[in-house]
There are 2 protein chains.
Amino acid sequence: MAAVALGRREQNKLDKRARIIAAARDLFTRKGFEGTTSQEIADAAGVAGGTVFTYARTKDDLLILVFHDEMLDVVERAYVDAQDASQLLDQVIAFFGTLVAYHERDLPLARTLMRQLGYVGASEQRALVRELMRGLLGRLAFLLDAAQAKGGVAAATPLMPAARSLFAIYYFHLGGLLSGYLDRPRFDRALRTDLGLFLRGLA
Amino acid sequence: MAAVALGRREQNKLDKRARIIAAARDLFTRKGFEGTTSQEIADAAGVAGGTVFTYARTKDDLLILVFHDEMLDVVERAYVDAQDASQLLDQVIAFFGTLVAYHERDLPLARTLMRQLGYVGASEQRALVRELMRGLLGRLAFLLDAAQAKGGVAAATPLMPAARSLFAIYYFHLGGLLSGYLDRPRFDRALRTDLGLFLRGLA
DNA sequence: CAATAAAAATGAGCGCACTCATTTTCTGAA
DNA sequence: TTCAGAAAATGAGTGCGCTCATTTTTATTG
């Protein structure tokens, strides 16, 4: 197997990387992003202060490393949840509802995370975000495809643009929710209104 | 007039505030946001270092103060530009094109600004962003209203949700452009595709 | 098993955003 | 005019993200 093929050097790097990410996840969720210092992460991971920055160029990058895998899972779960509904609109709302529920476990952290996701610097992190977006838009496109087969969506509708627009509408309102412009009931109402308007146009 | 009614204290505050904002604008555009230190702004404005932070709670807040007025103007200009086109889709694309042109004068700064606008902390700044959004969505709603009168948009279409969704689609792609996921031609194509899809649904 | 080179880790140090105890400026009452 | 109290400005200080010259660890070669 691949692990055996790794030398001590590679193995140590993987271990250290995993320890740093685990320590960061733990501290971020317990003390918040701003409330956690890079030194604390280093201490918890058992490395020197500078070492953290050989695995993540900035503290912000660390945030993405930490939540990337977790969010991939959430997207998958959202897709499964969505299929409980029968109408496309309800499916899409269930899909985004799962994402929001995830964010609501820790709103300040979600705020920091979304802010960071929207404007990534390092190209390594961009690849992670791209992967995440591809997965997310792909799931939405699946839902649209199924609805198209059942006649709820016009046959000529291009699926990726439609999926992108659905997400764009969600993303816009999510920003409002996380920034405090919208409370949850208003968010739900606005999201349903706007997604409904869009999907009616596709029928 | 109002100016006369102000005491020395109020007048000084206004002067200082204006000097700080002007100095910040100048330095941000010449040296970039990260390239400018709060001390440089203070020096250029002729105040002590700490004084800057009595007018803006953070350096990020300063960014919003600096560009708020400017962006209101750009939105107004975008609205005027939009009316040169005859089709609604072209109007909306011209509208957003003006905004993009503004951002393209300084992409790194635009990136920082958009990132900040999306997730504002202080409530004073939130009021500014709200004002900006209201102006922007209002203009889009005007365009939709005019198109509705000419029959290009279904009579039953709720205008604010439609305007919000148009902006959401633009905002999503703008993030891609500013973060380097999209170059300008791809951005233009994606925007036209997605806005077109949405507007066709309103017809 | 050296000897050498390359990679990785280290931690003291730096720059900058932001704070806060102190000082200065202003106002309105006596 | 004087003066007390409030508001605002000040700038030295603090903490933290991040850097980088140095040290330590690992791989390679003879």
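The values are calculated or read from the model by the stated rules, or taken from the named source; none is laboratory data. Note that this is a predicted model, so its numbers are computed, not measured. As a convention, Cβ positions derive from the backbone with ideal geometry for all residues, glycine included, and neighbour counts pool all protein chains shown. To get the accessible areas, we keep the full protein, side chains included, count just its heavy atoms, and leave off ligands, DNA and RNA. Shrake-Rupley method; radii C 1.70, N 1.55, O 1.52, S 1.80 Å.
Just a few scattered comments:
- Choice from B:ILE21, B:ILE169, B:ILE64 with maximal GNM fluctuation in chain B (Cα, 10 Å cutoff): B:ILE169
- Compactness check for the protein assembly as shown: Cα Rg over 2.2 N^0.38 Å is 1.09.
- The C-alpha atoms of chain B define a longest principal axis, and helix B:184-202 lies at about 60 degrees to it.
- Inter-chain shielding of A:164-174 (mean C-beta neighbours from other protein chains, 10 Å cut-off): 6
- Relative contact order, percent, chain B [alpha-carbon distance under 8 Å, six or more residues apart]: 17
- Label geometry 7 Å along the beta-carbon vector: B:GLU34 inter-copy distances in nm: 2.0
- Amide H contacts for A:LEU182 (H built 1.01 Å from N in the peptide plane; partners 5 or more residues away or on another chain; cut-off under 5 Å): A:LEU177.
- Convex hull per residue volume in Å³, alpha carbons only, for chain B: 141
- Carbon plus sulfur fraction of accessible area for chain B, probe 1.4 Å, in percent: 54
- Placing pseudo-labels 7 Å out from each Cα toward the beta carbon at A:GLU34 and B:VAL80 gives an inter-label distance of 4.0 nm.
- Summing both sides, the accessible surface hidden between A and B at a 1.4 Å probe radius is close to 3200 Å².
- With its label point defined 7 Å out from Cα along the Cα-to-Cβ axis, B:ARG8 lies at 7.5 nm from the matching points of the other copies, in increasing order.
- Pairs from the list A:LYS150/B:LYS150; B:LYS13/B:LYS59; A:LYS31/B:LYS31; A:LYS13/B:LYS59; A:LYS16/B:LYS59 with a Cα-Cα gap above 25 Å: A:LYS150/B:LYS150; A:LYS31/B:LYS31; A:LYS13/B:LYS59; A:LYS16/B:LYS59.
- Equivalent ellipsoid of region B:38-150: semi-axes from √(5λ) of the C-alpha gyration tensor, largest first, are 34, 14, 10 Å.
- Fully extending the segment from B:LEU14 to B:ALA101 would add 28.2 nm, taking 0.36 nm per residue of separation and subtracting the current Cα-Cα distance.
- The loop-placed trypsin sites (Lys or Arg not before Pro) in region B:100-181, going by DSSP, that have at most 10 neighbouring Cβ atoms within 10 Å of their Cβ come out as B:ARG105, B:LYS150.
- Rolled with a 1.4 Å probe across the full set of protein chains, the surface gives B:PHE142 an accessible area near 110 Å².
- Each Cα pair under 8 Å and six or more residues apart adds its separation to the average, and for region B:1-55 the resulting relative contact order is 30 percent.
- Kirkwood-based shape ratio for region A:1-55, expressed as Rg/Rh from alpha carbons: 1.08
- Nearest 10 degrees, 0 to 90: helix B:8-31 Cα axis against chain B principal axis: 60
- Most mobile of B:TYR119, B:TYR170, B:TYR79 in a GNM of chain B (Cα contacts under 10 Å): B:TYR119
- Computed over protein heavy atoms with a 1.4 Å probe, the accessible surface of region B:43-194 works out to 43 Å² per residue.
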